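Worksheet: the structure to be examined is printed underneath.
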Amino acid sequence: MAKADYDAIVVGAGFTGLYMLYKLRELGLSARVIEAGSDVGGTWYWNRYPGARCDIESMEYSYSFSPELEQEWEWTERYASQPEILHYLRHVAERFDLRRDIAFDTRVTAACWDEGAALWAVEMDRGERLAAHYCIMGTGCLSSPNRPDISGLGDFAGETYLTGLWPHEGVDFAGKRVAVIGTGSSGIQSIPVIAREADHVTVFQRTANFTVPAHNRPLASEEQAAIKAGYRELRALERHSPGGVGSGPPQSLEPILATPPDELREDLERRWEIGGLGGFLNTHPDTILSAEAADRVAEFLRAKIRETVSDPDVAELLCPASHPMGSKRLCVDTGFHATFNRENVELVDLNATPIERIAPEGVQTSEKLYPADIIVLATGFDAMTGTLARIDIRGKGGAALKDKWAEGPRSYLGLMCAGFPNLFTVTGPGSPSVISNMVVSIEQHVEWIAGLLAELRRCGAATVEPLAEAEDAWGEHVSAVAAPTIFMQADSWYVGANIPGKPRVFMPYIGGVGTYRAICKDVAAKNYAGFAVDGQTIPPPADFTVYLGMTRETEAA
Ligand code: NA7
């Protein structure tokens, strides 16, 4: 009979893997973290493109589990840059002595459930095989970069880089003609920086995106000290908020459509001055429910573009018009639109003149050839499911997770899947994940999983698995909450529209971080309702909608 090498295998050493390892050790469980990169950091290890920066404020995009860590770490800017976040995660790895349980430069290729032994057999690209009671996926939501299938890409004579797989030694743009394909967050962050270094930049835009200013600035130590003094309350606000963020302008109680235009403009101007996502997402009760309401905000943002960009034709092309504001990830920028006033930057509208192919000397559209020395593919990710689909994950009876998810991901609470005992997907599809402050959602999942593992140990149970009926009920709830929102009206990566052939399903849970937390807590309190523990089943909650809009106060009651 196979024996366990470890209690748990954790895949990935980003924010999830590091904290999961810490919690497993706290429970007295043995664990091995397997990481494809050469260091910790996850998304912050790979996404090193120029200008890469978090769009959640640094004081909130950080762990809360250790008050000592919280107090001793000093962030230098309002929004942390990629190098600073990587530095932070390296510090966390050292401070808690985590590295000794992490295998670097090793990619998990397969994980197979051995039903007889109740173990996961995990295979790695180096030929190693390990068995463990639990397999915990900390593989991230945006970790499989999308290399677009553009004809001739392999024939390009210059250099080609993906923003999500940026070379560690950096790229020298000086004197170069650069073609950037893609204007999502990664393009919007990198284009202004590349434009300052390169000889010429051609931006190939398929969809214009909404962006709000970061107003990034150094964090004064007094300001930081004041936030630290109130950290416990701020963290509590994050955990019970819609998006996992505790600061920023409050939501207005009046719907946008009932707000007089002058008042709305003043309100939006105030939010613009503050900057950041928090001021523009979920600002009013109707923003995510009404395309008409979202369009009032969109018109404000389009007016800002027209004010900034001096060439009116270019400004018009940069004005998003194809999707409601907020239905694709809102971007947070530093000087993106103003960059198009530079002499060395030009915009190509791919809707008018699509790319026909990449020629050895540059990008050939239906209109002309744009010569380039470097192509930057800022073309996004196979989000949320891509990385899990690339691992051959097999549960009971050898069934593949990829097949189970062929029509879209199905899970209970975004945490576990029926037919895949003892397998956990941290920030998996069906949980708030990418629609929230990821660190808050990661901590909540890691702590919930740790609570469940402690319970299994306490009662001597070997396996836990969601019931198919619980998975169905959760899937229906996730879809029902998303159905009336503007999120369904955009071809976004939230619905898999950026990857040809991917089923169109809204993957994250939009019911809110606080609501979701209350549900998970209640499920646990009801002896893990909706799960089978060693075959003993407890039915799932009858109605998930009762949790919607739950606040800290109502939850406690
Ligand atoms: P995104 O937001 O998915 O953006 C990718 C961009 O690349 C987007 O503008 C796409 O246009 C464009 N794209 C993708 N494929 C092509 C092809 N084949 N031709 C032309 N243009 C293409 O990824 P990011 O990395 O910028 O950001 C991901 C998240 O990271 C972000 O939301 C933050 O949460 C952090 P499209 O919109 O599909 O028309």
Checklist entry - Solvent-accessible area per residue for the stretch 432-557 at a 1.4 Å probe radius, Å²? => result 40 Å²
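Could you calculate the contour length gain from Ala454 to Arg390, that is, 0.36 nm times the residue separation minus the distance between their Cα atoms, to one decimal place in nm?
On the way: separation 64, 0.36 × 64 = 23.04 nm, distance 3.02 nm.
Gain on extension, Ala454 to Arg390, equals 20.0 nm.
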Checklist entry - Taking only DSSP H segments of four or more residues, each worth -39500 (n - 2.57), what value at 222 nm results for the chain once the sum is divided by all its residues, to the nearest 500 deg cm²/dmol? => result -9000 deg cm²/dmol
Next on the checklist: Above 27 Å lies some portion of the pair distances; for the stretch 302-433, what is it as a whole percent of all C-alpha pairs?
Outcome noted: 48 percent
Item to check | Rounded to 10°, Cα long-axis angle of helix 468-482 versus longest principal axis of the chain | outcome: 20 degrees
Next on the checklist: Under 5 Å between amide hydrogens, which residues at least 5 positions from Thr365 or on another chain qualify, with H placed 1.01 Å from N in the peptide plane?
Outcome noted: Glu356, Tyr370
Checklist outcome for this item: Rh_Kirkwood(the stretch 143-267) over Cα pairs, Å, one decimal, evaluates to 19.3 Å
Checklist outcome for this item: Measuring from the longest principal axis of the C-alpha atoms of the chain, the long axis of helix 513-525 (C-alpha) lies at a number of degrees, nearest 10, equal to 10 degrees
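Can you figure out the FRET efficiency of Ala118 with Leu257, using R₀ = 60 Å and their beta-carbon distance, to the nearest 0.05?
Values: r = 55 Å, r/R0 = 0.92.
E between Ala118 and Leu257, to the nearest 0.05, is 0.60.
For Arg271, Arg95, Arg206, give the ranking by accessible area with the largest first, probe 1.4 Å. Please list the in-between numbers first.
Details: Arg271 10, Arg95 90, Arg206 165 Å².
Output order, biggest surface exposure first: Arg206, Arg95, Arg271.
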Checklist entry - Hey, can you rank 338-345, 517-524 by average C-beta count inside 10 Å, highest first? => result 517-524, 338-345
Item to check | Residue-span extension gain [Arg270 to Ala321] - 0.36 nm each, minus C-alpha spacing | outcome: 16.0 nm
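For a protection proxy built on the mean count of beta-carbon atoms within 10 angstrom, sort 358-369, 377-388 highest first, please. Write down the numbers at each step before the final one.
Details: 358-369: 16.0, 377-388: 23.6.
My ranking of the peptides, most packed first, is 377-388, 358-369.
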Checklist outcome for this item: Excluding ligands, DNA and RNA, the carbon-plus-sulfur percentage of the accessible area of the stretch 461-518 with a 1.4 Å probe reads 55 percent
Next on the checklist: Which residue, Met488, Thr463, Val297, has the largest displacement toward the positive end of the dipole of the chain when charges sit on each Cβ (Lys, Arg +1; Asp, Glu -1)?
Outcome noted: Thr463
Item to check | Rounded to the nearest 20 debye, dipole of the stretch 402-494 from Cβ charges on Lys, Arg, Asp, Glu | outcome: 240 debye
Next on the checklist: Which of the three applies to the stretch 90-197, rounded, prolate or oblate, going by the alpha-carbon gyration tensor with a ≥ b ≥ c and a/c under 1.5 meaning rounded?
Outcome noted: prolate
Checklist entry - Angle between the Cα long axis of helix 15-26 and the longest principal axis of the chain, 0 to 90 degrees, nearest 10? => result 20 degrees
Checklist entry - Which percent of the accessible area of the stretch 250-299 is formed by carbon and sulfur heavy atoms (probe 1.4 angstrom)? => result 57 percent
Item to check | Stretch gain in nm, segment Glu367-Ser38, where the contour uses 0.36 nm per residue and the Cα spacing is subtracted | outcome: 114.1 nm
Checklist entry - Counting only the backbone N, which residues of the stretch 43-73 are under 11 Å from the spot 7 Å out from the Cα of Arg196 toward its beta-carbon? => result 51
Checklist outcome for this item: Ranked output for segments 457-468, 407-418, 319-330 by mean other Cβ atoms within 10 Å, highest leading, reads 407-418, 319-330, 457-468
Checklist entry - Between the stretch 1-66 and the stretch 342-361, what is the C-alpha centre distance in whole Å? => result 39 Å
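May I ask you to give the solvent-accessible area per residue for the stretch 23-75, in square angstrom, as obtained with a 1.4 angstrom probe? Can you show the working numbers first?
Details: 1700 Å² over 53 residues.
I get 32 Å² per residue for this part.
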Checklist entry - Given the C-alpha centroids of the stretch 365-437 and the stretch 465-490, what is the distance between them in whole angstrom? => result 17 Å
Checklist outcome for this item: Under the 7 Å Cα-to-Cβ spin-label approximation, Leu289 and Asp522 lie apart by a distance in nanometres of 2.0 nm
Checklist outcome for this item: Averaged per residue, the 1.4 Å probe accessible area of the stretch 136-217, protein heavy atoms only, in Å², is roughly 38 Å²
Checklist entry - Which value, to two decimals, describes the C-alpha radius of gyration of the chain once divided by 2.2 N^0.38 Å? => result 0.97
Next on the checklist: Nothing charged except the Cβ atoms of Lys and Arg (+1) and of Asp and Glu (-1): what's the magnitude of the dipole of the chain about its Cα centre? Round to the nearest 20 debye.
Outcome noted: 1000 debye
Checklist outcome for this item: For the stretch 165-244, the percent of accessible surface on carbon and sulfur atoms (probe 1.4 angstrom, ligands and nucleic acids excluded) is 54 percent
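The values are calculated or read from the model by the stated rules, or taken from the named source; none is laboratory data. In this text, all values refer to a predicted model and were calculated from it rather than measured experimentally. With ideal geometry, Cβ positions are generated from the backbone for all residues, glycine too; neighbour counts draw on all protein chains shown. For accessibility, only protein heavy atoms count, side chains too; no ligands or nucleic acids. Shrake-Rupley method; radii C 1.70, N 1.55, O 1.52, S 1.80 Å.
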